[in-house]
Amino acid sequence: MIQQAVEIQEESPLLKVRNMNKRFGKGCTQCETPQALKGEDNRCPHCGSVWACIDVNFDLYKGEILGIVGESGSGKSSLVKSLYFDDTITSGIATISTYKDGNTDIFSVSAQQKRYIRNYMMGMVYQNPWLGLKMSFSSGGNIAEKLIASGTYHVGNIRERASELLEHVEIPISRMDELPKNFSGGMQQRVQISKAMANNPPILLLDEVTTGLDLSVQAKVLDLIRKIQRELGVSMIVVSHDLGVIRMLADRTMVMKSGKVVEQGLTDQILEDPQHPYTQLLVHSLL
């Protein structure tokens, strides 16, 4: 894994994120900037606003899986939701090398362009399948929604693509017209993954996708994620509070605490020789 990550880093990044900040709440004179907060807490004691992301910087390379780990409230989910434009950032920039030659900040483009990026450049898989799927649509209908949003209208082509994607995530084609609400949690996550991959995006964002699943189902979902990365060369950001998931999937790992990146590096190095006291605590709790 280390050799693979070293080879990846010789290339130009697919995604660059620089000085990204995200605040929840109106803010006040005591928290106009995250630096104005005193101590380690990212919550303002005066107005209750929270800096979920503070000066976050990272690169994602083609074909790489980047793991983001941290406790609840560390800012890891806010980070990926901001990248997918579910949340609006407070400041910062991000570029994608395959979008306008990597010279355009995706956070500052128009709403129309953000929809284009969501449809073509990124796919999102949420912890709660009810956020990523419309349970009143069939499994094939959920995939069709993504395809139609990107301009594919031919019914035959849509059903063919939906069949191909569901087969790839090991869901029987006979259940393509069934509602996802009738599926198990693991199957719902697999439908979400197939929907996210509908337009072959170069980047896939996965937010706590195994949380709440039985261990055997977790293993199947993780195997599927690895299979997609291996066969399709998709770059992924995998968010998890579980270092076991990160150990299995990630080439590199970023550790977040109270909105800040406290450590990042090759996953093997992070797990075998953690430098930051918080990372040491996480690793020792895994052991």
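Structure summary
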quantity	calculated
Alpha-carbon centroids, the range 226-258 and the range 41-86: separation in whole Å	15 Å
Order of Met256, Met176, Met135 under a 10 Å beta carbon neighbour criterion, fewest first	Met135, Met176, Met256
Rough spin-label spacing in nm, given labels placed 7 Å along Cα→Cβ, for Asp105 and Asp177	5.0 nm
Ordering of 118-125, 187-194 by packing [mean C-beta count within 10 Å, highest first]	187-194, 118-125
Difference of contour (0.36 nm per residue) and Cα-Cα distance, Glu145 to Ile93	15.8 nm
For a label point 7 Å along the Cα-to-beta-carbon line of Cys28, residues of the range 42-73 with backbone N under 14 Å	43-50
Simple label model, 7 Å out from Cα along Cβ direction - Asp86 to Arg230, nm	2.9 nm
Given Lys26/Lys257; Lys38/Lys114; Lys114/Lys260; Lys76/Lys195; Lys134/Lys220, the pairs whose alpha carbons are separated by over 29 Å	Lys38/Lys114
Under the Karplus curve 6.51 cos²θ - 1.76 cosθ + 1.60, θ = phi - 60°, whole-Hz ³J(HN,Hα) for the range 214-220, x wherever Gly or Pro sits	4, 4, 5, 6, 3, 4, 5
Sorted by Cβ neighbour density within 10 Å, fewest at the top, the residues Thr88, Thr211, Thr95	Thr88, Thr211, Thr95
Placed amide H near Ile68: partners under 5 Å, 5+ positions off or other chain	Val238, Val239, Ser240, Met254
DSSP loop GluC sites (Glu not before Pro) with at most 16 other Cβ within 10 Å: longest gap in the chain	179-287
Modelled FRET efficiency - R0 51 Å, Ser12 with Ala219, Cβ distances, 0.05 increments	0.90
Share of alpha-carbon pairs per 10 Å distance bin for the chain, given as whole %	6, 28, 34, 23, 7, 1
Percent of beta bridges antiparallel (DSSP, the range 2-286, rounded to nearest 5)	50 percent
Assigned charges on the beta-carbon of Lys, Arg, Asp, Glu; the chain dipole about Cα centre (debye)	900 debye
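Bear in mind these aren't lab numbers, they're just calculated from the coordinates by the rules spelled out. None of these values were measured; they are calculated from a predicted model. Cβ: placed from backbone, ideal geometry, glycine included. Neighbour counts: every protein chain shown.
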